[in-house]
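The values are calculated or read from the model by the stated rules, or taken from the named source; none is laboratory data. This is a predicted model, so every value here is computed, not measured. Backbone-built Cβ (ideal geometry, glycine too); neighbour counts: all protein chains shown. The protein model used for the area step is the full one, side chains on, heavy atoms only, and it has no ligands, DNA or RNA in it. Shrake-Rupley method; radii C 1.70, N 1.55, O 1.52, S 1.80 Å.
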Amino acid sequence: MKEQILSQLSPGYPWKDRFHYIESLNSTNDRLKTMAKQGAPHGTVLIADRQTGGHGRRGRSFLSPGGVGIYFSLLLRPECAPTELMHLTCATAAAMCDAVEAAAGFRPGIKWTNDLVCGGRKLCGILTELGFRPNGELDYAIIGIGVNCCQRKADFPPELQDIAGSLAMVTGRDIDRAKVAAAMMEALYVMSQSLLSGKEALLASYRKDCITIGQEVSLVRGDEIRHGKALDVDDDGALVVAFPDGKIEHVNSGEVSVRGMYGYV
Ligand code: BTN
């Protein structure tokens, strides 16, 4: 698989020597964190065929069986303050729409903040994590991405069968995972080049693909559920929501999760 991925990268891709492929591990994010602490360079990519402890936001697990998905992590070492990376997850989601379009021939939507969706089903999840030096400065950012590529509906556990999808389910065709992985590496490299200098364009691309904007949404915070209308995504990636009493709030993805009024999307 490693050779297949390398063979699909363009000659100009600059991080070929920092690409690691491992058949099975606990979590690509966790392993890359260890590698980052040991000095792995900016641009290191780690891809696994299978994860035994893949995880997402809020401690949720991310199902990662072998042979059907891509479990991918990229290490960046941006020279900036952590507050300048508030848009990192949005920039990643926008880049991932480019990657899926290039490799599978359709453009997914983005469910705020970090899910790629199509036909009401989640195809891909993103988990970005930051690491700090003892003096509080940013040391690294890890972008973790899980993509469902080849699954059919029956491959998902019953509780996910109505909300999870795959690139194969959308296209009705077999999916070349190496092609998808290479497209991800290329798109994320391009994104990394404009992460700090091209924030406006990255966010504009995110807003164009974000299906949550304009929707009636349920905001779930612990046991509390509030309903409102999503108006926009602000420059820090927060969702701008109008509530029935006329108040407008910018809600942070760390605090709430969003559901459509009638289902997952
Ligand atoms: C989510 O849906 O909340 C995010 C899921 C992120 C999953 C990816 S798979 C590769 C990387 N390793 C992990 O343990 N998580 C991310």
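When the accessible area of segment 2-209 is computed with all protein chains present and a 1.4 Å probe, what percentage of it is carbon and sulfur?
50 percent
Evaluate Rg over Rh across the chain, taking Cα atoms for both radii and Kirkwood's formula for Rh.
Taking Rg over the Kirkwood Rh, I get 0.95.
Springs between alpha-carbon atoms under 10 Å, Gaussian network over the chain: tell me which of GLU137, GLU159, GLU79 tops the mean-square fluctuations.
So, out of GLU137, GLU159, GLU79, the one fluctuating most is GLU159.
With charges set only on the Cβ (+1 for Lys and Arg, -1 for Asp and Glu), what does the dipole of segment 2-209 come to about its Cα centre, in debye to the nearest 20?
280 debye
Can you spot the aspartates and glutamates whose alpha carbon is less than 12 Å from LYS153's alpha carbon? Ignore those fewer than 8 places along the same chain.
List returned: ASP162.
For the chain, what does the accessible surface come to per residue with a 1.4 Å probe? Please give it in Å².
On the way: 11850 Å² over 265 residues.
On a per-residue basis, the chain sits at 45 Å².
Give the relative contact order (percent, whole number) for segment 216-260; include only Cα pairs under 8 Å separated by 6+ residues.
About 38 percent, as a whole number.
Tally up the carbon and sulfur contribution to the accessible surface of segment 216-260 as a whole percent, 1.4 Å probe, everything protein left in place.
47 percent
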